[in-house]
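Engineer: This is the structure, below, for whatever I ask next.
The values are calculated or read from the model by the stated rules, or taken from the named source; none is laboratory data. All of these numbers come straight from a predicted model, not from anything done at the bench. All Cβ positions, even for glycine, are placed from backbone atoms using ideal geometry, and neighbour counts span all protein chains on display.
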Amino acid sequence: MKYTRKATPVVLAAAVALTLTACAQSERASGQGGASSGGDTKDTFTFGAAGAPEVFDPFYATDGETFRVTRQIMEGLVGIKAGTAEVEPELAEKWEPSADGKEWTFTLRKGVKFTDGTPFNADAVCYNFERMFDQNEAAAAGPAEYWSTTMGAFKSKAKDSLYQGCEAKDESTVVLKVARATSKFPTMLSLDSFSMQSPKAMKEGDANNVKTQGEGFAYPKYSFNPVATGPYKLEKYDEANKTVTLVRNDDYWGEKAKTKKIVFKIIPDESTRRQELKAGSIDAYDLPNPVDWNGLKSDGNKVMVRPAFNILYMGLNPQKNPKLKDLKVRQALLYALNRDQLVKTQLPDGATVATQFMPETVSGYNKELKAYPYDPEKAKSLLKEAGAEGMSLTFAYPSEVSRPYMPNPQKIHDALRSDLEKVGIKVNVVTKPWNGGYLDGVDNGQFDAWLLGWTGDYDSADNFVGTFFGNYDVNDFHTKATSYGKQLADDLAKADSIVDKGQRDAAYEKLNQQIMEEYLPGLPISHSPPALVVSPKVQGVVPSPLTAEEFSGVTVGK
Amino acid sequence: MLRFIVRRLLQMVGVVIVLSLLVFIWLRSLPGGTVSAMLGDRATPESTARLTKQLGLDQPLWVQYGRFVKRVLSGDFGLSTGVLPGRDALDLFLSRMPATIELSILALIIAVAAGIPLGYLAARRRASTLDNLSIVGSLVGVAVPVFFLAFVLKYIFAIQLGVLPVSGRQSTGLDATRVTGFFVLDGILTREWDASWDAFKHLILPALALSSIPFAVIFRITRASVLEVMDEDYVRTAESKGLATSTIRSRHILRNALLPVITTIGLQTGGLLVGAVLTERVFSLGGVGDALATAFTLRDYAVLQVLILAAAVTFVLVNLVVDILYAVIDPRVRTR
């Protein structure tokens, strides 16, 4: 009796297990082969990603983790030449502007198909643009961010939009119309958000049906089932195991991808990514901590340093601290900063001192400009002239964040603060978590001075200086409160509308000089190159200044 | 007994209602927010205002709470804005739960399987080498931060010896079938034994790291409790009656000594949930703890609300089970 009682649960459990076993079927493809392809390369390239993709429709994304995945499966009319920030033909073989820069004729590549078998042609291009233009209120308020910032408006306010229409001339000729000539066009079409996707799949998956629900956005089915023309296609997103698997598109129009599969393994913790690389369970990962670069190299890995395409600056708010209204004070601050030492001691190898508000990889960069030298004596005398000796300054930095342009905000702040103190400035230190008051504080103008930066989206001076000072009414540099703010914004708009590249670049070079010598709305600090690390077995990764690496040429040795 | 259970469940409903209000207000009073998390350094004052309005976050708090309650009553707990944008927060919780349960169960098994026998032996051989060693071990278990322990374990077993995986729930490329979301169980159900074994191997290191604190606590309570019971009159009586040592140990000492231990195990569940946040993070195990950490940095309100309320419910339920177990072990509780 006693034994039966004890045995009952065991028997029950066994019975339940047996019943369950009867219901569950293995769904494995028979003969699933691991890494058993012939030859001396593996058939999977495993990449350690820092975060999960938001959605798989890049039109509704702004983050690098999403774009890293969609870039492998999608292409735009305009592409980026590997290893540079220059545009090159992708789905369009060539393009030509009209004399006034308002009509662009694109000649499309022939014989390209989406992975659902439908053809890529002029009608598909126009369908894509009309789809992006025709967004509802929910999508326009947030998810379709890249269209908002580059095109300005959607169909509901068609007059304010840069995009003015698309016309399919014949099977492989498309004309795109824009409201005015701008330096950003057609370069902006290289943005991942503007990739060409299958009209059929978008119709079936109700691609534009973004809704606000409660305090979040609900995305349509298509957002998780993208169909495009790239060298890979999405196989599956295994959320439970935090992996995204891509498989080669065997019908790709160009050179087929060299490795059959790409797996993105999502590992939020940076030191865990490093350990995974060491253990050999991933082949590469993004943004290794600069502190680890030497260690990674001595383990035989390749640390690939991308040309810097970003800027770190110290923002200044003259409305909060009236002393900053005087150009001499702002110049004094810049003379006081020992940026050479900062770059050598606190920033990764290859970081440089900023001479202007854009890195040298951007067209319109002024090579003649010299960095303000480190000159504490001059800083002191300028402060004296301005009657600002011993001024106090509330200088903020963010915690709980690391950005490519600012790997360690606290250390950078420490160094800059002690430089300012050396010339007699009283610095009040404020620190707040990045998304715990810091970004809001900058937007609301709470600090006298703060650290922030920007990573460029594409090769365009307007994407840097235009973003910073182009919007006269509201910008982080508070130029509305200055005598030059209006003039600067107007000049930037004028430069942006010059059709001829040579003339346009010259205009930006002049503006960069004026910004640094006459206005100095903030203090440019440095450009830091972000890195990417790959194991010694990996070949064919080309580091991109835009962090836009394409993996179809990658092979992984056994 | 039934009345007792019903009363406790009703109390739980009250707790959840009050807590939901507190959590709602607390989350929104934190600096930063969903909108600045979504826009990051691309934010402009314009885009921030537009998005805040679209999501209804510009409304007074009581209006927002009213809407929240109304939606919850119709079964809608809101959508994630950061962890997995667009996903229903409750679904997200349910899909993340299996990983955390697998991890917690294994951690608890390790803690109990090591803590109780060691505690008992240490008490029986007080001041012996075993006793001293175990005490030092349990102190280390409490004192060493989980992430450091995790680092050491990974370094030895994953990198130097290469016998266990560094992180994750399952190796990539296994193509395992998903049934319940419990990877170990799924492998058994579908007879994909390799998948099951692989998932189990992924659990060992995180479970060891997570078990360190509950192990230490269980060990110390067991030891203290056994020492106390050994001195009781009824143990002496049993000995003088000439009962077999094994009977005395199992029936008189262990059974009585285990009462406080059981309560402790119940209380440790709360600690396990806290520990899971860190452990899942460093082992990149996509469970509830990992979701909680991500949701917090991204101010994913809907997900945070569901996770915190679910943690409260779990805590109450586990302690209810503990109280019932208590009654099973100690007949006196039943009659009360």
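Engineer: Give me the residue from region B:275-295 that is surrounded by 24 or more Cβ atoms within 10 Å (Cβ to Cβ) and among the charged types (D, E, K, R) and, out of that set, nearest to the other protein chains (Cβ to nearest Cβ).
Structural biologist: Only one residue tops the list, namely B:Asp290.
Engineer: While we're looking at this one, here's another question. For the list (1) on the phi > 0 side of the Ramachandran plot; (2) within 13 Å of chain A (Cβ to nearest Cβ), I need the number of the one condition that B:Ala127 fails.
Structural biologist: With respect to (1) on the phi > 0 side of the Ramachandran plot; (2) within 13 Å of chain A (Cβ to nearest Cβ), B:Ala127 is out only on (2).
Engineer: Could I ask something else about it? Would you mention how many residues in region B:1-33 are more than 18 Å from B:Leu309 (Cβ to Cβ) and either touching a Pro at 6+ places or on another chain (Cβ under 6 Å) or of a type outside the set (D, E, K, R) (or both)?
Structural biologist: Taking region B:1-33 and keeping what is more than 18 Å from B:Leu309 (Cβ to Cβ), we get B:1-7, B:31-33.
Filter once more, keeping what is either touching a Pro at 6+ places or on another chain (Cβ under 6 Å) or of a type outside the set (D, E, K, R) (or both): B:1-2, B:4-6, B:31-33.
Within region B:1-33, residues that are more than 18 Å from B:Leu309 (Cβ to Cβ) and either touching a Pro at 6+ places or on another chain (Cβ under 6 Å) or of a type outside the set (D, E, K, R) (or both) number 8.
Engineer: Among the numbered criteria (1) touching a residue at least 40 places away in the same chain (Cβ under 8 Å); (2) touching a helix residue (DSSP H, G or I) at 6+ places or on another chain (Cβ under 7 Å), which single criterion is violated by A:Asp491?
Structural biologist: It is condition (1) that A:Asp491 fails.
Engineer: For the condition out of contact with any Phe, Trp or Tyr (no Cβ under 9 Å at 6 or more places or on another chain) and crowded, with 19+ Cβ neighbours inside 10 Å, what is the one hit in B:Ala123, B:Ala127, B:Ala89?
Structural biologist: Working: B:Ala127 fails: crowded, with 19+ Cβ neighbours inside 10 Å; B:Ala89 fails: out of contact with any Phe, Trp or Tyr (no Cβ under 9 Å at 6 or more places or on another chain).
Every option except B:Ala123 fails the conditions.
Engineer: Sticking with this structure for a sec: Of all residues in region A:263-287, how many are among the aliphatic types (A, V, I, L, M) and more than 13 Å from chain B (Cβ to nearest Cβ)?
Structural biologist: Let us first name the residues in region A:263-287 that are among the aliphatic types (A, V, I, L, M), namely A:263, A:266-267, A:277, A:279, A:282, A:284, A:287.
Next, only the ones that are more than 13 Å from chain B (Cβ to nearest Cβ) stay: A:284, A:287.
Qualifying residue count, region A:263-287: 2.
Engineer: Suppose the filter is over 27 Å from the mean Cα position of the chain (by Cα), buried (at least 20 other Cβ atoms within 10 Å of the Cβ) and over 28 Å from A:Gly466 (Cα atoms); does A:Val174 pass it?
Structural biologist: yes
Engineer: Just to be sure before I move on: is A:Ser298 among the hydroxyl-bearing types (Ser, Thr, Tyr) and modelled with pLDDT under 90 in the structure I sent? Walk me through it before giving the result.
Structural biologist: On the way: among the hydroxyl-bearing types (Ser, Thr, Tyr): yes; modelled with pLDDT under 90: no.
When the stated conditions are applied, A:Ser298 does not pass them.
Engineer: At least 2 residues that are under 30 Å from A:Ser381 (Cβ atoms) in each: list the strands (runs of 3 or more DSSP E) lying fully within region A:249-356 that qualify.
Structural biologist: Details: elements: A:261-266, A:284-286, A:302-305, A:310-316.
Passing ranges, in order: A:310-316.
Engineer: Tell me the residue from A:Tyr458, A:Tyr472 that is among the aromatic types (Phe, Trp, Tyr), over 20 Å from A:Val401 (Cβ atoms) and surrounded by fewer than 18 Cβ atoms within 10 Å (Cβ to Cβ), please.
Structural biologist: On the way: A:Tyr458 fails: surrounded by fewer than 18 Cβ atoms within 10 Å (Cβ to Cβ).
Step by step, each of A:Tyr458, A:Tyr472 is checked, and only A:Tyr472 is among the aromatic types (Phe, Trp, Tyr), over 20 Å from A:Val401 (Cβ atoms) and surrounded by fewer than 18 Cβ atoms within 10 Å (Cβ to Cβ).
Engineer: Separate question: Output the number of the condition that B:Thr81 fails; it satisfies all remaining conditions of (1) touching a residue at least 60 places away in the same chain (Cβ under 8 Å); (2) of a type in the set (S, T, N, Q); (3) part of a helix (DSSP H, G or I); (4) facing chain A (nearest Cβ under 8 Å).
Structural biologist: Unmet for B:Thr81, out of (1) touching a residue at least 60 places away in the same chain (Cβ under 8 Å); (2) of a type in the set (S, T, N, Q); (3) part of a helix (DSSP H, G or I); (4) facing chain A (nearest Cβ under 8 Å): (3).
Engineer: Here is a further query. Looking only at residues in region A:128-186 that are assigned to a loop (DSSP other than H, G, I, E, B) and aliphatic (A, V, I, L, M), which one is farthest from A:Gly456 (Cα to Cα)?
Structural biologist: Residues of region A:128-186 assigned to a loop (DSSP other than H, G, I, E, B): A:134-136, A:142-144, A:152-154, A:161-162, A:171-172, A:179-186.
Within this subset, residues satisfying the condition of being aliphatic (A, V, I, L, M) are A:144, A:153, A:162, A:179, A:181.
Working: A:Ala144: 18, A:Ala153: 21, A:Leu162: 20, A:Ala179: 24, A:Ala181: 21 Å.
Among those that are assigned to a loop (DSSP other than H, G, I, E, B) and aliphatic (A, V, I, L, M), it is A:Ala179.
Engineer: Something else now. Checking the condition hydroxyl-bearing (Ser, Thr, Tyr), modelled with pLDDT under 90, surrounded by 19 or more Cβ atoms within 10 Å (Cβ to Cβ) and touching a helix residue (DSSP H, G or I) at 6+ places or on another chain (Cβ under 9 Å), which residue from B:Ser29, B:Ser36 passes? I'd like the intermediate steps shown before the answer.
Structural biologist: Working: B:Ser29 fails: surrounded by 19 or more Cβ atoms within 10 Å (Cβ to Cβ).
Sole residue among the options that is hydroxyl-bearing (Ser, Thr, Tyr), modelled with pLDDT under 90, surrounded by 19 or more Cβ atoms within 10 Å (Cβ to Cβ) and touching a helix residue (DSSP H, G or I) at 6+ places or on another chain (Cβ under 9 Å): B:Ser36.
Engineer: Which of the helices (runs of 4 or more DSSP H) found entirely inside region B:236-336 contain at least 3 residues meeting this: in contact with a Ser or Thr (Cβ under 7 Å, 6 or more places away or on another chain)? Before you say what the answer is, go through the steps one by one.
Structural biologist: Details: elements: B:255-282, B:288-297, B:301-329, B:331-335.
Counting at least 3 such residues, we get B:255-282, B:301-329.
Engineer: So, one more: For region A:111-148: of the residues being polar (S, T, N, Q) and under 19 Å from A:Asn208 (Cβ atoms), which is nearest to the chain's Cα centre (by Cα)?
Structural biologist: Here is the first cut: in region A:111-148, the residues polar (S, T, N, Q) are A:115, A:118, A:121, A:128, A:135-136, A:148.
If we keep only those that are under 19 Å from A:Asn208 (Cβ atoms) as well, we get A:118, A:128, A:135-136, A:148.
Values: A:Thr118: 30, A:Asn128: 22, A:Gln135: 22, A:Asn136: 25, A:Ser148: 16 Å.
For region A:111-148, the residue satisfying everything is A:Ser148.
Engineer: Pairs, please: C-beta under 7 Å, at least 6 apart or cross-chain, first residue away from chain B (no Cβ under 14 Å) and in region A:241-262, second acidic (Asp, Glu) and surrounded by fewer than 19 Cβ atoms within 10 Å (Cβ to Cβ)?
Structural biologist: A:Lys256/A:Asp250
Engineer: Follow-up question, since we're still on this one. How about region B:58-78: which of its residues are in a helix (DSSP H, G or I) and more than 7 Å from chain A (Cβ to nearest Cβ)?
Structural biologist: Filtering region B:58-78 for residues in a helix (DSSP H, G or I) gives B:61-73.
Correct list: B:Leu61, B:Trp62, B:Val63, B:Gln64, B:Tyr65, B:Gly66, B:Arg67, B:Phe68, B:Val69, B:Lys70, B:Val72, B:Leu73.
Engineer: Looking at A:Leu383, is it part of a strand (DSSP E or B), more than 14 Å from every other protein chain (Cβ to nearest Cβ) and either touching a Ser or Thr at 6+ places or on another chain (Cβ under 9 Å) or surrounded by 17 or more Cβ atoms within 10 Å (Cβ to Cβ) (or both)? It would help to see each step written out before you state the result.
Structural biologist: Details: part of a strand (DSSP E or B): no; more than 14 Å from every other protein chain (Cβ to nearest Cβ): yes; either touching a Ser or Thr at 6+ places or on another chain (Cβ under 9 Å) or surrounded by 17 or more Cβ atoms within 10 Å (Cβ to Cβ) (or both): yes.
No; evaluated as a whole, the condition is false for this residue.
Engineer: Out of A:Asp505, A:Asp476, A:Asp491, which single residue is at pLDDT below 90 and either at positive phi or not basic (Lys, Arg) (or both)? First the steps, then the outcome.
Structural biologist: On the way: A:Asp505 fails: at pLDDT below 90; A:Asp491 fails: at pLDDT below 90.
When all the criteria are applied, what remains is A:Asp476.
Engineer: Only one of (1) crowded, with 22+ Cβ neighbours inside 10 Å; (2) in contact (Cβ under 8 Å) with a residue 60 or more places away in the chain; (3) not in a strand (DSSP E or B) fails for A:Lys411. Which number is that?
Structural biologist: Of (1) crowded, with 22+ Cβ neighbours inside 10 Å; (2) in contact (Cβ under 8 Å) with a residue 60 or more places away in the chain; (3) not in a strand (DSSP E or B), only one is false for A:Lys411: (1).
Engineer: Does region B:85-105 hold any residues that are within 8 Å of chain A (Cβ to nearest Cβ) and outside any helix (DSSP H, G or I), and which are they?
Structural biologist: B:Pro85, B:Gly86
Engineer: Let me confirm something: among A:Pro348, A:Pro318, which residue is crowded, with 17+ Cβ neighbours inside 10 Å, of a type outside the set (Lys, Arg) and closer than 20 Å to A:Leu488 by Cα?
Structural biologist: Details: A:Pro348 fails: closer than 20 Å to A:Leu488 by Cα.
None of the others qualify; the one that does is A:Pro318.
Engineer: Still on this structure, I have one more. Checking the condition closer than 17 Å to B:Glu102 by Cα, at the interface with chain A (Cβ under 8 Å from one of its Cβ atoms) and surrounded by fewer than 23 Cβ atoms within 10 Å (Cβ to Cβ), which residue from B:Ile188, B:Ile159 passes? Quick ask: steps written out before the conclusion?
Structural biologist: Working: B:Ile159 fails: closer than 17 Å to B:Glu102 by Cα.
After applying the criteria, what remains is B:Ile188.
Engineer: Is it the case, given these coordinates, that A:Tyr397 is assigned to a loop (DSSP other than H, G, I, E, B) and without any contact (Cβ under 8 Å) to a residue 60 or more places away in the chain?
Structural biologist: Working: assigned to a loop (DSSP other than H, G, I, E, B): no; without any contact (Cβ under 8 Å) to a residue 60 or more places away in the chain: yes.
Here the answer is no, as A:Tyr397 does not meet what is asked.
Engineer: Mind listing just one residue for me: the one in region A:195-211 that is buried (at least 19 other Cβ atoms within 10 Å of the Cβ) and among the polar types (S, T, N, Q) and, of those, nearest to the other protein chains (Cβ to nearest Cβ)?
Structural biologist: Residue satisfying both the conditions and the ranking: A:Asn208.
Engineer: Give B:Val306, B:Val282 a once-over and let me know the one that is closer than 23 Å to B:Leu21 by Cα, touching a helix residue (DSSP H, G or I) at 6+ places or on another chain (Cβ under 8 Å) and β-branched (Val, Ile, Thr).
Structural biologist: Numbers: B:Val282 fails: closer than 23 Å to B:Leu21 by Cα.
Answer to the selection: B:Val306.
Engineer: Consider region B:48-57. How many of its residues are at the interface with chain A (Cβ under 7 Å from one of its Cβ atoms) and either crowded, with 19+ Cβ neighbours inside 10 Å or without any contact (Cβ under 8 Å) to a residue 12 or more places away in the chain (or both)?
Structural biologist: 6
Engineer: What number of residues in region A:390-401 are surrounded by 15 or more Cβ atoms within 10 Å (Cβ to Cβ) and touching a helix residue (DSSP H, G or I) at 6+ places or on another chain (Cβ under 8 Å)?
Structural biologist: Matching residues across region A:390-401 total 7.
Engineer: Same structure again: Do you know which of the residues in region A:435-453 that are within 21 Å of the chain's Cα centre (by Cα) and hydrophobic (A, V, I, L, M, F, W, C) is nearest to the other protein chains (Cβ to nearest Cβ)? Talk me through it step by step, then tell me what you get.
Structural biologist: Restricting attention to region A:435-453, the residues satisfying the condition of being within 21 Å of the chain's Cα centre (by Cα) are A:435, A:438-440, A:442-443, A:451-453.
If we keep only those that are hydrophobic (A, V, I, L, M, F, W, C) too, we end up with A:439, A:442, A:451-452.
Numbers: A:Leu439: 5, A:Val442: 9, A:Leu451: 11, A:Leu452: 7 Å.
Ranking the qualifying residues of region A:435-453, first place goes to A:Leu439.
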